[in-house]
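One structure below.
The values are calculated or read from the model by the stated rules, or taken from the named source; none is laboratory data. Here the structure is a predicted model, which means the values were calculated and not measured. A quick note on method: Cβ atoms are made from the backbone with ideal geometry, for glycine too, and the neighbour counts reach across all protein chains shown.
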Amino acid sequence: MIYCLSDPHGGECSGALTKYLEEAGDSDLLIILGDLGLKFRDTEENRAFDDMILSAKKKIAFIDGNHENFDFLETFPIGERYGAPVRILSENVVWLQRGYIYEIDGKSFFAFGGCKSSEKWKPMGLWWPQEEPTEEQLACAYTSLKAYGNKVDYILTHKCEQGIDTTETTGLRKLCDYINENVDYKMWYAGHWHKYKKDGEKLLFVYDVPVPIG
């Protein structure tokens, strides 16, 4: 089975994730839709969370959110899993890169992490410029989708800038609009909002409870 949840924030919201890792089967895969929060804060809670994730015996793939220590994540080597580039954090944990399509159990998953944080995080030192997509990453996304004939099984983003959020005019918003208007997909899964909410028939916001994909 493939499951998804979002926003554990370095241990602040990780109760369900901890339970999942205790109960999941070896063939299960959990996809975390951003704000994983490895080494995000220098706290005992965050350090314990880091150890739990990096030593996980169950399969985890994640996209980045806006609350990530990108400098830390970018120290890990680039490899390939599921037919596209990833950063390999451990034998069982990989970071799915923005704009690529991954083939998992015969299904195609378009992945795109990141979004813009509010300004309050900068004075706290909890902000990295890599949180927002680059033009190169956006171009990769459009190229990947067109290579698949604008048809994939599932869309995975940290923030979906449509539906319950219609305020942004960023490159991410334009990409979301493009997907919504041009791409044929079965379901779109997103996080960021710390809520579980179905928005229409094909958009599901997830939070801290593992949701089966499919």
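Please specify each residue of region 127-147 satisfying the condition of being surrounded by 15 or more Cβ atoms within 10 Å (Cβ to Cβ) and part of a loop (DSSP other than H, G, I, E, B).
Filtering region 127-147 for residues surrounded by 15 or more Cβ atoms within 10 Å (Cβ to Cβ) gives 127-128, 130-133, 137-138, 140-142, 144-145.
The answer is Trp127, Trp128, Glu132, Pro133.
If I go through region 172-214 residue by residue, how many of them are assigned to a loop (DSSP other than H, G, I, E, B), touching an Asp or Glu at 6+ places or on another chain (Cβ under 7 Å) and under 15 Å from Leu145 (Cα atoms)?
2
Just checking, does region 137-150 include any residue being closer than 20 Å to Gly214 by Cβ and in contact with a strand residue (DSSP E or B) (Cβ under 8 Å, 6 or more places away or on another chain)?
Checked region 137-150: at least one residue is closer than 20 Å to Gly214 by Cβ and in contact with a strand residue (DSSP E or B) (Cβ under 8 Å, 6 or more places away or on another chain).
Looking at region 152-163, is at least one residue of a type in the set (Asp, Glu), crowded, with 18+ Cβ neighbours inside 10 Å and either more than 29 Å from Arg41 (Cβ to Cβ) or in contact with a Lys or Arg (Cβ under 6 Å, 6 or more places away or on another chain) (or both)?
yes
Collect the residues in region 27-70 that are in contact (Cβ under 8 Å) with a residue 60 or more places away in the chain and polar (S, T, N, Q), keeping them in residue-number order.
The answer is Asn66, and nothing else.
Going through region 71-91 one residue at a time, which ones are loosely packed, with under 15 Cβ neighbours inside 10 Å and either touching a Leu at 6+ places or on another chain (Cβ under 9 Å) or touching a residue at least 60 places away in the same chain (Cβ under 8 Å) (or both)? I'd like the intermediate steps shown before the answer.
Pass one, region 71-91, residues loosely packed, with under 15 Cβ neighbours inside 10 Å: 71-72, 74-75, 77-80, 83, 90-91.
Hits for region 71-91 are Phe72, Ser90.
I'm trying to understand the selection: among the residues of region 93-110, which are within 18 Å of Phe49 (Cβ to Cβ) and either in contact with a helix residue (DSSP H, G or I) (Cβ under 8 Å, 6 or more places away or on another chain) or surrounded by fewer than 19 Cβ atoms within 10 Å (Cβ to Cβ) (or both)?
Val93, Trp95
Being in contact with an Asp or Glu (Cβ under 6 Å, 6 or more places away or on another chain) and among the basic types (Lys, Arg) narrows it down to one residue among Lys59, Lys116, Lys146; which is it?
Lys116
Only one of Gly10, Gly99, Gly65, Gly79 is within 26 Å of Pro129 (Cβ to Cβ) and modelled with pLDDT under 95; which?
Criteria check complete, one pass: Gly10.
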